[in-house]
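Here the structure comes first, spelled out in structure tokens, and everything after it is commentary.
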Amino acid sequence: MKAALEWQIACGVDEAILDAPVDRTEAKTPSKPEAAPAPTPIVREQVDPVALARAAAQAAPDLDGLRTAMEAFDHCDLKRGARQLVFCDGQRNARVMIIGEAPGRDEDLQGKPFVGRAGQLLDLMFSHIGLSRTSPDANAALYITNVLPWRPPQNRDPKPDEMAMMLPFLERHVEFIDPDLIIAMGNHACQALLGKRGITRLRGNWLQALGKPVLPMFHPAYLLRTNEAKREAWADLLSLQARLRDLA
Ligand code: URA
């Protein structure tokens with residue numbers, strides 16, 4: 001069994017996706033095929049998760065209260081498959097807030113957004129205009145979060161209902177950080193914040209959401225596989241730098 005497990009790990013298996021273990025060594029008698037067990041019906045409470053999320057987010061008195069409220073929110077199924085809530089990284093006083101899509105494997109393990117390969121590229125990109133998540137100086141600092149705080153299974157795209165129910169928390173998050181500018185990283189962040197998709201068309205254009213200027217940019221995961229898009233990403237970084245200077 002240990003060898004079988006090690007073989008799966010070597011093949012790249014890195015998570016269990018069912019709630020209960022399946023004993024695949026259990027002997028099956030081929031002459032007597034078992035009837036498939038009737039699926040257990042999922043009994044759902046009749047609740048409006050968006051309304052509950054809005055109430056919980058509004059009741060949060062501050063940023064730490066918001067994290068606690070999100071940890072206690074049980075209506076998003078992603079929570080059951082994730083190791084932990086990924087809330088934020090960076091400096092609370094930052095003028096620039098980056099909003100990504102959702103945690104991946106590394107983020108789920110470490111509990112911080114953008115710590116995998118895409119995150120390393122993100123750090124490198126912003127360092128070229130003097131911004132970092134570790135700088136204590138508000139003018140040089142970044143604050144980072146995601147639309148979804150839990151990793152979707154196998155890094156699948158976020159579903160509309162998941163984004164809708166987590167949006168009140170994101171809105172409150174923006175309210176508490178109160179940044180000067182927001183970067184919407186990729187299509188899902190644009191969908192959540194601006195109600196628009198089509199990052200190739202949107203990127204580089206300053207738009208407005210939640211009372212803040214928002215700059216859509218290509219997601220660093222996309223840049224990792226699309227070298228030619230880095231030219232546009234650099235133009236967007238320069239646009240951000242110019243906008244920060246104007247505001248200062
Ligand atoms: N991609 C995202 O959008 N967010 C993360 O935190 C990591 C990868």
> So what is the relative contact order for region 50-247, in percent, with contacts set as C-alpha pairs under 8 Å and at least six apart?
Replying inline: 23 percent
>> Through the Karplus equation 6.51 cos²θ - 1.76 cosθ + 1.60, θ set to phi - 60°, convert the phi angles of region 88-99 into ³J(HN,Hα) values in whole Hz; use x for Gly and Pro.
In response: 6, 8, x, 10, 5, 9, 4, 7, 10, 10, 9, 10
> If you place +1 on the Cβ of every Lys and Arg and -1 on the Cβ of every Asp and Glu, how big does the dipole about the Cα centre of the chain come out, in debye to the nearest 20?
Replying inline: 620 debye
>> Going by Cα centres, region 113-129 and region 63-86 are how many Å apart?
In response: 24 Å
> Can you count the Lys pairs in the chain with C-alpha separation below 18 Å, eight or more apart or on different chains?
Replying inline: 4
> Can you give the accessible area per residue of the chain, in Å², using a 1.4 Å probe?
Replying inline: 57 Å²
> If you take every DSSP beta bridge whose two residues both sit in the chain, what share of them, in percent to the nearest 5, is antiparallel?
Replying inline: 25 percent
> Based on the Kirkwood radius over alpha-carbon pairs, what is the Stokes-Einstein translational diffusion coefficient of the chain at 10 °C with 1.306 mPa s viscosity, in µm²/s?
Replying inline: 80 µm²/s
> What residue among ALA55, ASN187, GLY12 has its Cα farthest toward the positive end of the dipole of the chain, where the charges are +1 on Lys, Arg and -1 on Asp, Glu, each on the Cβ?
Replying inline: ASN187
>> In whole Hz and in residue order, list the ³J(HN,Hα) couplings for region 109-123 that follow from phi through the Karplus curve 6.51 cos²θ - 1.76 cosθ + 1.60, θ = phi - 60°; x for Gly and Pro.
In response: 6, 8, x, 10, x, 6, 10, x, 4, 5, x, 5, 5, 4, 4
> Extension gain VAL13-GLN241, at 0.36 nm per residue separation less the Cα-Cα distance, in nm?
Replying inline: 78.0 nm
> If you take the charge dipole of the chain about its Cα centre, with +1 on Lys and Arg Cβ and -1 on Asp and Glu Cβ, which of PRO158, GLY111, GLN84 is farthest toward its positive end?
Replying inline: PRO158
>> As I understand it, the dipole of the chain uses +1 on the Cβ of Lys and Arg and -1 on the Cβ of Asp and Glu, about the Cα centre. Which of ALA72, VAL174, GLY130 lies farthest toward its positive end?
In response: GLY130
>> Please list, ordered by chain and number, the residues whose modelled amide H lies under 5 Å from the amide H of ILE98; skip anything fewer than 5 residues away on the same chain.
In response: TYR143, ILE144, THR145, ILE183
>> At 1.4 Å probe size, with the rest of the protein present, what percent of the exposed accessible area of the chain is carbon and sulfur atoms?
In response: 53 percent
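The values are calculated or read from the model by the stated rules, or taken from the named source; none is laboratory data. Because the structure is predicted, anything quoted here is derived from the model rather than measured. When we count neighbours, we look across all protein chains shown, and the Cβ atoms used for this are built from the backbone with ideal geometry, even at glycine. Protein only, heavy atoms only, side chains kept; ligands, DNA and RNA dropped before computing areas. Shrake-Rupley method; radii C 1.70, N 1.55, O 1.52, S 1.80 Å.
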